[in-house]
Amino acid sequence: MRGGFHRAQRLSLTMARPRSKDKEMALLRSAVKIIATQGLRASTMMIARLAGVAEGTLFLYFPTKDVLLSAVFEHLLQDLEAGLGAPAAGVSSRQTAQFLWNRYIDWGAANPDAYSTMNQLLASDRLSAGQLRRVETLYAFPDLQACRRRFAGLTDREALALSDATEKAIADTTVRLAMTRPQHAEAYKMAGFDMLWAAVTRGAEPPGLNPRAQRP
């Protein structure tokens with residue numbers, strides 16, 4: 001009964017009050033900051049308080065915690081997509097990958113709370129299949145994937161999981177060092193990418209040009 005009452009109360013709030021884009025964005029920014037330090041179990045009360053609104057107002061915009069987390073991820077993904085931009089046309093897959101790597105490290109170092117929160121959400125089971133596909137598409141380089149190492153004793157799926165974990169570890173370290181020693185950020189980005197490329201590819205340049213490169 002109590003759960004049903006709260007659901008009805010939230011539905012009533014949603015129908016009764018007009019929505020403000022400013023408040024919605026304040027709640028999303030607050031959620032990013034709180035989750036970065038408190039984790040995905042952070043309370044909606046803390047998120048609402050940091051945004052300067054009542055908890056009931058939060059539920060006006062996001063009826064459940066899962067809806068809120070999904071909206072936070074969408075917000076971060078759009079920001080990351082804008083930050084990555086599009087590589088130049090006519091460049092190799094390695095150059096394209098390095099361009100996106102540099103932009104990704106820059107984004108993470110400039111937005112540590114967003115970087116932390118996005119990675120927590122990616123490691124959770126709170127994202128939809130559609131959101132996961134968008135992430136895969138963001139980093140989808142078919143010719144680069146074909147150049148991944150084949151590890152003895154591992155299936156392709158297991159090797160991919162190992163490569164993904166390696167990429168994340170190198171990215172996390174590079175972001176942290178770029179933040180703490182910004183005067184060496186460019187050198188860290190270059191070294192990090194060289195390590196990444198050597199770790200997850202066979203060392204050969206993939207054939208052709210990357211289809212994600214921006215065409216004139």
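The values are calculated or read from the model by the stated rules, or taken from the named source; none is laboratory data. All values reported here derive from a predicted model rather than from experimental measurement. Cβ atoms come from the backbone with ideal geometry, glycine included; neighbour counts cover every protein chain shown.
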>> For the stretch 92-106, give me each residue that is farther than 15 Å from Ala191 by Cα and surrounded by fewer than 19 Cβ atoms within 10 Å (Cβ to Cβ).
In response: Ser92
> Right, Arg133: assigned by TED's automatic domain parsing to the domain that holds Gly192 and part of a loop (DSSP other than H, G, I, E, B) or not?
Replying inline: no
>> Can you find a residue that is among the β-branched types (Val, Ile, Thr) and closer than 25 Å to Trp197 by Cα anywhere in the stretch 72-81?
In response: no
>> Scan the stretch 101-122 and tell me whether some residue there is more than 27 Å from Asp22 (Cβ to Cβ) and in a loop (DSSP other than H, G, I, E, B).
In response: no
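To keep it simple, each residue is scored yes or no on (1) in a loop (DSSP other than H, G, I, E, B); (2) assigned by TED's automatic domain parsing to the domain that holds Glu186; (3) at pLDDT below 90; (4) on the phi > 0 side of the Ramachandran plot.
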| residue | (1), (2), (3), (4) |
| --- | --- |
| Met25 | no, no, no, no |
| Ser30 | no, no, no, no |
| Gln78 | no, yes, no, no |
| Ala89 | yes, yes, yes, no |
